[in-house]
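This report refers to the structure that appears directly beneath it.
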Amino acid sequence: MKETIVSGIRASGKLHIGNYLGALKQFVELQNEGNNCFFFIADLHALTTPFEPKELSQNTLEVAADYLAAGIDPKKSTFFLQSQVLEHTELAWIFNSLTSLGELNRMTQFKEKSDQHKEGINAGLLTYPTLMAADILLYKPTGVPVGDDQTQHVELTRNIARKFNNRFGKTFPEPKTYLRKPLRIMSLSDPTKKMSKTGDEALMLDDSPAEILRKLKKAPTATDAKQESPGVGNLFLILEHFADKKTFKSFSRQQEDNSIKYSELKNALAKLIADHFANFRKKKQQLLARPDQIQDILVQGGTKARKVAQATLIEVKTKIGLI
Ligand code: AQP
């Protein structure tokens, strides 16, 4: 049975391999399986952490090009910019009024991001999950493909849907999280933190082969393979996704018998990642050479998304007595 799928990615910077393996790769698979997909660039969510106007518009173009170069096809998916569909913020306001402060305070992302951006903690960062609930529920999806770090927000979305349905009558489905395999790629420089666009240097999808190798070379490993090392665990996690079974087994065996040379592992991994994204890099360059075309795609996608979003919002407003 075909599913209705919704997901988005913040316009806070170019996408990295964590975004790809945790989210984007699945978006493309779900689209190509023929599901009814809504994918957007969360530019409003990008306002919740420090930003510069010029960088924000450039980041939005970069993320759009990342989506398209990775295989999101605007003929198959509704692909749009969050801020161009005004219903997102309107429904978010309604959901703010149905959500307790306690629930929002419990969100681990709020705690993590407040620690990361101590100078600029704004109310938007706290209410991020109610905007995310609106982003999702406007399209009444059955599934939300997100990485491991976003599952708590999807859980809150389900609670909001349930609360709304109980009080005002059945309106929203309670969408499930699509986690084909829970996955969290960690930072290369500090493998106790997740790889993130706004954190330490991440492996970007359009990094050149030389850049990939340079970044991997700096990743901490262990002096003795028997030693428990989160850095090595992270490299193997990435390897598992880019190497064939034979290569993965060979390095795993070397790790077990303590004969591994981490420089060889890093060289092999750098080549695998660089080869995997060779076509992607070409496509992204071509896309960025025509920003007007990217904008046209987003405007058309926005028009399509709005039709669905408007119908849901009218239903919601009627049920809660706003019309
Ligand atoms: N390290 C990661 N491993 C696996 N999945 C990840 N995702 C993000 N980082 C990892 C997944 O990517 C999707 C898009 O994320 P987002 O930009 O909307 O929000 P985020 O989780 O806050 O992403 P970043 O990269 O950490 O960006 P910044 O630095 O701006 O906060 C989500 O599905 C997420 O789970």
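The values are calculated or read from the model by the stated rules, or taken from the named source; none is laboratory data. These numbers were taken from a predicted model, which means no experiment stands behind them. Note that we place each Cβ from the backbone using ideal geometry, even for glycine, and neighbour counts take in every protein chain shown. For the accessible areas, the whole protein counts, side chains as well, though only heavy atoms, and no ligand, DNA or RNA atoms are used. Shrake-Rupley method; radii C 1.70, N 1.55, O 1.52, S 1.80 Å.
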* Asked: Got a number for residues in the stretch 282-292 being part of a helix (DSSP H, G or I) and open to solvent by 80 Å² or more (accessible area, probe 1.4 Å)?
  -> 4
* To do: Restrict the check to the stretch 85-94 and report whether at least one residue is hydroxyl-bearing (Ser, Thr, Tyr) and within 15 Å of the ligand (Cβ to nearest atom).
  => no
* State yes or no: is Lys163 more than 12 Å from the ligand (Cβ to nearest atom) and surrounded by fewer than 13 Cβ atoms within 10 Å (Cβ to Cβ)? => no
* Asked: Name the residues in the stretch 178-196 that are open to solvent by less than 40 Å² (accessible area, probe 1.4 Å), under 14 Å from the mean Cα position of the chain (by Cα) and more than 9 Å from the ligand (Cβ to nearest atom), would you?
  -> Tyr178
* Asked: Is there a residue in the stretch 226-248 that is over 28 Å from Ala134 (Cα atoms), open to solvent by 70 Å² or more (accessible area, probe 1.4 Å) and of a type in the set (Gly, Ala, Ser)?
  -> no
* Among the residues of the stretch 261-281, write down those that are open to solvent by 20 Å² or more (accessible area, probe 1.4 Å) and either within 18 Å of Ala222 (Cα to Cα) or among the acidic types (Asp, Glu) (or both). => Lys261, Tyr262, Ser263, Glu264, Asn267, Ala268, Asp275
* Asked: Pick from the stretch 101-155 the residues that are part of a helix (DSSP H, G or I) and among the small types (Gly, Ala, Ser): which of them is farthest from the ligand (Cβ to nearest atom)?
  -> Gly102
* Asked: Could we say that Gln295 is touching a Leu at 6+ places or on another chain (Cβ under 9 Å) and either outside any helix (DSSP H, G or I) or open to solvent by 50 Å² or more (accessible area, probe 1.4 Å) (or both) here?
  -> yes
* From the residues in the stretch 242-258 that are part of a helix (DSSP H, G or I) and small (Gly, Ala, Ser), which one is farthest from Val232 (Cα to Cα)? -> Ser250
* Structure fact -> Leu91 vs (1) in contact (Cβ under 8 Å) with a residue 60 or more places away in the chain; (2) part of a loop (DSSP other than H, G, I, E, B): all pass except (2)
* Is it the case that some residue within the stretch 61-82 is crowded, with 16+ Cβ neighbours inside 10 Å and at pLDDT below 95? -> no
* Asked: For the stretch 5-46, which residues satisfy the criterion of being away from the ligand (no atom under 12 Å from the Cβ), touching a Ser or Thr at 6+ places or on another chain (Cβ under 6 Å) and open to solvent by 30 Å² or more (accessible area, probe 1.4 Å)?
  -> Asn36
